[in-house]
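Comments concern the structure below.
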Amino acid sequence: MRLIVNADDFGYSKGVNYGIVAAHQYGIVTSATMMVNMPEADHAFMLMRKYPSLRVGVHLTLTCGRPLGNDVPSLVDEEGRFLSSKDIFARARPEEIEVELTRQIERFLASGFVPTHLDSHHHVHGHPLVQPIVVRLAQKYNLPVRKFRPEPVPGIRTTDDFIFQFYGDEVSLDLLLGLLDRLERERVDTV
């Protein structure tokens, strides 16, 4: 089993950026995903140049900050900020989602880096409205996607598993080892 420990929200703030780099240098983080629409994305790109062993993908964002373009009215509130995760899918138009997510991938590529994979803030890439868009973008850019449903998705590469429980204030070595042990037992039981 190859373990990837991914830190989301790279680019959110300098504090988050430095925390991710420290967790990569001195901890178990092997990968990160960047919110290219956030204020400290350029700082995160600078850190990527300084720490090339940190593998970084795109953290597709529809529920935090502002879009990269101003032509996606179904995704934003009156101030031009993305709608909350509880509100966005009641209004979002698929064509605007695709425009914005494409811009985010293109913004990452314009930095001179190639992303390692795609995933999303608040797991929006698992929403039925967003899934087919992310599949198309993964195929277009030939990028793997962090697993978002139990069954394989034809035409794209995904992780074999994704442990949602390794998150938050209760993260510990014991929790990680327990989750990995359970995952390994589940894999043996299905073989």
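Values in this text are rule-based calculations from the coordinates and carry no lab data. What you are looking at is a predicted structure, and each value in this text was computed from that prediction instead of being measured. Virtual Cβ from ideal backbone geometry, glycine too; neighbours counted across all protein chains shown.
Numbers at a glance
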item	result
For residue 116, residues with placed amide H under 5 Å, excluding near neighbours	56, 57, 58
Principal-axis tilt of helix 41-50 within the chain, Cα atoms, nearest 10 degrees	40 degrees
Degrees separating the helix 94-110 axis from the principal Cα axis of the chain, which is the longest one	70 degrees
Stretchable slack from residue 91 to residue 106, in nm (0.36 nm times residue separation minus alpha-carbon distance)	3.0 nm
Percent of beta bridges antiparallel (DSSP, segment 1-85, rounded to nearest 5)	10 percent
Distance between modelled label sites at residue 157 and residue 79, nm, 7 Å Cα→Cβ extension	4.1 nm
Whole-Hz ³J(HN,Hα) from phi, Karplus 6.51 cos²θ - 1.76 cosθ + 1.60, for segment 130-145, glycine and proline x	9, 3, x, 5, 5, 4, 4, 5, 4, 5, 4, 9, 6, 10, x, 10
Simple label model, 7 Å out from Cα along Cβ direction - residue 53 to residue 5, nm	1.3 nm
Value at 222 nm in deg cm²/dmol, rounded to 500, when DSSP H runs of n ≥ 4 in the chain each add -39,500 (n - 2.57)	-12000 deg cm²/dmol
Within a Gaussian network of the chain (alpha carbon springs, distance under 10 Å), most fluctuating of 138, 110, 41	110
Amide H within-cut-off set for residue 62, under 5 Å, with H built and near neighbours excluded	121
Share antiparallel - DSSP beta bridges, the chain, percent rounded to 5	10 percent
Helix axis angle, 14-26 relative to the chain longest principal axis, alpha carbon, degrees	20 degrees
Semi-axes of the equivalent ellipsoid for segment 44-88, Cα gyration tensor, largest first, Å	29, 11, 8
Gyration tensor verdict on segment 1-76 (Cα atoms; rounded if a/c is under 1.5, prolate if a/b is larger than b/c, oblate otherwise)	prolate
